[in-house]
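Reviewing the structure listed below.
The values are calculated or read from the model by the stated rules, or taken from the named source; none is laboratory data. Here the structure is a predicted model, which is why all the values come from computation and not from measurement. Neighbour counts run over all protein chains shown; Cβ positions are idealised from the backbone, glycine included. SASA here: full protein model, heavy atoms, side chains in, ligands and nucleic acids out. Shrake-Rupley method; radii C 1.70, N 1.55, O 1.52, S 1.80 Å.
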Amino acid sequence: MEKIVKELKNRSDKFEIFHMDTISSSIGYKGNKLSDHDMSQESGYSVRFLKDKRQSFYVTNNFDELSKQIDEMEDIASVSDEKDIDFYNKKVDLTDNRNFYNEKIESFDIKSKISECDKVVKELNEKSDATISLGLGKYRDKIQLINSEGFNSEYFKNGLYLSISAELSQPGNMLMLHESTSIFDPDDINFNELSEKILKELEIAKNNVSMETGNYPVIFSPRALSDIMCTLESGLSGLNFAFKTTPLKDSLNEKILSDKVTLIDDSTIKGGSRTVPFDDEGIPARRKILIEKGVLKSFMHSLQTAKMTDSSPTGNGFRYKPIFHSKSYSAKPSISRANWIIEGGNMIMDEAIKSIKNGVYISMLVGSFMSNIISGEFSGNMWLGYKIENGKLVGRIKNGMISGNIYKLLNEQLIDFSKNVENEGSEYYLPYAYCNNVSLSC
Amino acid sequence: MKNIGTKLIKKYKNRCDYLEIREEKFETLSINFNDSMESCNRYRNGGFAIRVIDKGGVAFASVVNENMVEKAIEELIEVVPLLSDGGVKLSEEKPFVKKVTLNIKNDPRKISIKEKREIFKKYNEKIRNYSEKITTSNVSYYEKFARTLFENSEGTKTDWENMDVFGMISATAVKDNITQRGHETVGTSTDFSKLLILDKKIDEACDIAIRLTEAPQVESGTYTVILDPALGGIFVHEAFGHTAEADGIVDSEDMMKIMKIGTKLGSDKLTIFDSGLFPGSRGYLPFDSEGVPSQKTYLIKNGIVSGHLHSRITAAKMGVKSSGSARAIDFRYPPIVRMRTTCIDGGNDTLEDMLKGIKKGLYCVKSNGGTGGEMFTFTTAYAYMIEDGKITTLVRDAKLSGNLFTTLKNIDMVGNDFKIYEMGGGCGKGGQFPLPVATGSPHIRIQNVVVGGA
């Protein structure tokens, strides 16, 4: 690596090398039986090369190729338009890695859980008649970043994940329930928690009810709320701020949402799936308030957009592949949220449901990301939505679509958030949201 | 290429029922202009994918380093007995040996990166200069060259060299806080020159973006809709294609009943097939990632379920032959059941006749993507109201949704104007994104579709 660094120093004005090495393994149950075991080892490098303020981005998984390809890096940069960027050598604290790396995961053998998984799958299948699938996996990333400012740091990050699905279908009525969780300690693997959730929902979901198209009071579960967060992620993106395509472009320090809304971007939470010591461009991890009591405090920036807009980098430069957001050395750094937290309010969920005569509780929403999200618009399928009638959940609403605009939903339409905030995949920490006048198409 | 498959298969084939080794090397170039920002990225990757099947269990490993392949095989052979409850078997297929070399017109690798960049930069400038109402432009170009060597312990050996190319352009217009996009896309596996004639598409994309900012939002509700061939194709891929993938069927007693051959699922006019045989299509496949030769597979004939998309594993569970639909996007993944070029077969109706019967409806054009399931959903790029048999006002933000089973039965007219639609991006099932696929369809008319206005 020293040789490459030296060569890049000579040939470029600025450079950055990102290296990621991932080992992962998982077991999978399909049709109530253990059916797969996957293992993968992946490794690669990407280089950002700058000369005369012109950039190129080169990716390979072959280390020996790096020095041979500097000519091509320079070549591609030379035909690009000017786009300067600043790299930084900020101090990062690597002394305590317990928020993102757990020794116990390293030594944990997934296969040791097979008999327990067998039992869970069998029990769920017997109690519910549903076809059960289960996935249990672990990963370990090694990440290293070097740049021309002298930054040279590396860390290990690991984690576990568990998902259980139950499928109960008849002609004209397919029901698929799905629960998943990210885990940071093998001792915290809690099959019962997910099983109970599935059984509870299955009871209500078995009963289909109809609902008229119209506007209703709606309670969003944390999971449903997470599906529409893409609107805010897009609105708060420093890139959309730079291009002036976000509706929030002139709203810094102005009230944009209800004063009940405080949204925090945090890359330091213990066990968070997006918890890291530094972002994928070397900016130290931090907890940052994006929206405080409804007032816009900050956009999210990568190094590129910080340079473009003369702002400070905010540590939101990550290398996620599009759509599925898996981290990869092959992805160019772009703006992405870290772990997102919305602070809870005062609502007690049970009381809120009791107060609704005719409304909806959404457990799971899908597909909102396909709407015109930059303008705040969302529209998603109610994968699991329930009718609330006279204070009780009476059955599953089939074929419903919810739509709206986040800047109205979490503003004049927001009645309150729940007191309790739930861990949603360890990347969102969200409350339930009780909103008024939400548009439902059936 | 390292070509270590033959040696290792010979060494290990007696220690398990089935062993396959897939070696792949690929190289991509992407050029992207996003307003005034541009990027030009080169990506090279290569590695090995190994699968072991033994006594009912299947185990998969993917490694990058050649010296880890043998170690991975040993580990898989050790682990696979734990999985024997899975009941995994392979359908019986004849050993198949074939080599397919690159057969393309206008090799984009012969054009220097500088020249290529100029082509797409010009497109970007054209969008930016179209009108002051256009605020953002986006032009993407992607080319991938790959070579895949596959060998298994049954004597199948394949060698496939291929190209995948696509371009996407979009223009964003803003008016009074309303943001709208127009976009066009083109894809090919053989002819780069298709990327050189995008000027007209750019004009259309810019024009529609501006017109959409001035158009009313569609009213939510239930409509009779006509889908244009492009949207018809997205519809069949999302609304039915994924449901016909056997890996979502074979492990569920309920799905086996619902998707049983002979079941009436759609109207009499509906015939759906999936084919790997359209030359030049991004969905073209000479053989799949299990070395099974490609085919045209009928999924629905006149409304009745007539087949499914299979890998060798799912085919064995149903007691049929594989349809050659097992695809892995690259060496990092195991093959799973995927689509190729998925089509609604042409019928006999005309667009005129479809419009005649509609008092109030929606004529929907193209799409920005969708999701499947019992309840499917997809966006429309734009739509027009249909009033008393005539196409009238342009409306924005129409998103279509529906229950698969009722919708397939509500297709009451199928056009005589079948067209293949090649698009950029790809299918994202199982995280294996973007898998190159394509679609085909004529105009189709559907009753009672739920439309959301955002």
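Of note:
- In the stretch A:54-65 there is at least one residue matching the filter, namely being surrounded by fewer than 21 Cβ atoms within 10 Å (Cβ to Cβ), over 28 Å from the mean Cα position of the chain (by Cα) and assigned to a helix (DSSP H, G or I).
- Top-ranked residue in the stretch A:357-372 [being of a type in the set (Val, Ile, Thr) and crowded, with 20+ Cβ neighbours inside 10 Å; ranked as nearest to B:Thr179 (Cα to Cα)]: A:Ile362
- Any hit, the stretch A:318-330, residues being under 21 Å from A:Leu365 (Cβ atoms) and hydrophobic (A, V, I, L, M, F, W, C): yes
- The condition (being open to solvent by less than 10 Å² (accessible area, probe 1.4 Å), away from every other protein chain (no Cβ under 14 Å) and among the polar types (S, T, N, Q)) is satisfied by just one residue among B:Ser281, B:Ser294: B:Ser281.
- Test for A:Lys111: is it basic (Lys, Arg) and within 28 Å of A:Ala224 (Cβ to Cβ): no
- Test: residue in the stretch A:302-318 that is part of a strand (DSSP E or B) and closer than 30 Å to A:Gln41 by Cα: yes
- Count - residues of the stretch B:358-368 that are open to solvent by 20 Å² or more (accessible area, probe 1.4 Å) and either under 14 Å from A:Met401 (Cβ atoms) or within 13 Å of chain A (Cβ to nearest Cβ) (or both): 1
- Selection count where residues are loosely packed, with under 10 Cβ neighbours inside 10 Å and either touching a Cys at 6+ places or on another chain (Cβ under 7 Å) or closer than 25 Å to A:Gly272 by Cβ (or both), scope the stretch A:92-116: 3
- Residue check, B:Gly440 assigned to a helix (DSSP H, G or I), in contact with a strand residue (DSSP E or B) (Cβ under 6 Å, 6 or more places away or on another chain) and either crowded, with 21+ Cβ neighbours inside 10 Å or within 11 Å of another protein chain (Cβ to nearest Cβ) (or both): no
- Residues of the stretch B:50-91 classified as assigned to a loop (DSSP other than H, G, I, E, B), within 29 Å of the chain's Cα centre (by Cα) and more than 8 Å from chain A (Cβ to nearest Cβ), total: 3
- Every listed requirement among (1) within 30 Å of B:Leu82 (Cα to Cα); (2) in contact with a helix residue (DSSP H, G or I) (Cβ under 9 Å, 6 or more places away or on another chain) is met by A:Tyr45 save one, (1).
- Hits in the stretch B:116-133 (condition: away from chain A (no Cβ under 14 Å) and surrounded by 15 or more Cβ atoms within 10 Å (Cβ to Cβ)): B:Tyr123, B:Lys126, B:Tyr130
- Residue count for the stretch B:92-115, restricted to those that are within 25 Å of the chain's Cα centre (by Cα) and either within 14 Å of chain A (Cβ to nearest Cβ) or at negative phi (or both): 11
- Some residue of the stretch B:43-66 being in contact (Cβ under 8 Å) with a residue 40 or more places away in the chain and surrounded by fewer than 18 Cβ atoms within 10 Å (Cβ to Cβ): yes
- Matching residues, the stretch B:379-401, being open to solvent by 10 Å² or more (accessible area, probe 1.4 Å) and not β-branched (Val, Ile, Thr): B:Ala381, B:Tyr382, B:Tyr384, B:Met385, B:Glu387, B:Asp388, B:Gly389, B:Lys390, B:Leu394, B:Arg396, B:Asp397
- Test: residue in the stretch A:347-361 that is assigned to a helix (DSSP H, G or I), within 28 Å of A:Asp259 (Cα to Cα), among the β-branched types (Val, Ile, Thr) and touching a residue at least 60 places away in the same chain (Cβ under 8 Å): yes
- Residues in the stretch B:97-143 that are β-branched (Val, Ile, Thr), farther than 30 Å from B:Val174 by Cβ and outside any loop (DSSP other than H, G, I, E, B): B:Val97, B:Val100, B:Ile113.
- Scope the stretch B:315-357; condition of a type in the set (S, T, N, Q) and either within 19 Å of B:Phe60 (Cα to Cα) or open to solvent by 20 Å² or more (accessible area, probe 1.4 Å) (or both); matching residues: B:Ser325, B:Asn348, B:Thr350
- Residues of the stretch A:319-340 classified as in a loop (DSSP other than H, G, I, E, B) and either within 14 Å of chain B (Cβ to nearest Cβ) or open to solvent by 50 Å² or more (accessible area, probe 1.4 Å) (or both), total: 13
- Restricting attention to the stretch A:8-49, the residues that are more than 9 Å from chain B (Cβ to nearest Cβ), under 25 Å from B:Glu38 (Cα atoms) and either open to solvent by less than 10 Å² (accessible area, probe 1.4 Å) or in contact (Cβ under 8 Å) with a residue 24 or more places away in the chain (or both) add up to 16.
- Residues located in the stretch A:397-424, provided they are open to solvent by 20 Å² or more (accessible area, probe 1.4 Å) and over 30 Å from B:Val174 (Cα atoms): A:Lys398, A:Asn399, A:Ile415, A:Asp416, A:Lys419, A:Asn420, A:Val421, A:Glu422, A:Asn423, A:Glu424
- Listed by first and then second residue, the pairs with beta-carbon distance under 7 Å, at least 6 apart or on different chains, first residue in the stretch A:205-216 and under 26 Å from A:Leu168 (Cβ atoms), second in a strand (DSSP E or B) and of a type in the set (D, E, K, R), are A:Ala205/A:Arg396; A:Asn207/A:Arg396; A:Asn208/A:Arg396; A:Val209/A:Lys387; A:Val209/A:Arg396; A:Met211/A:Lys387.
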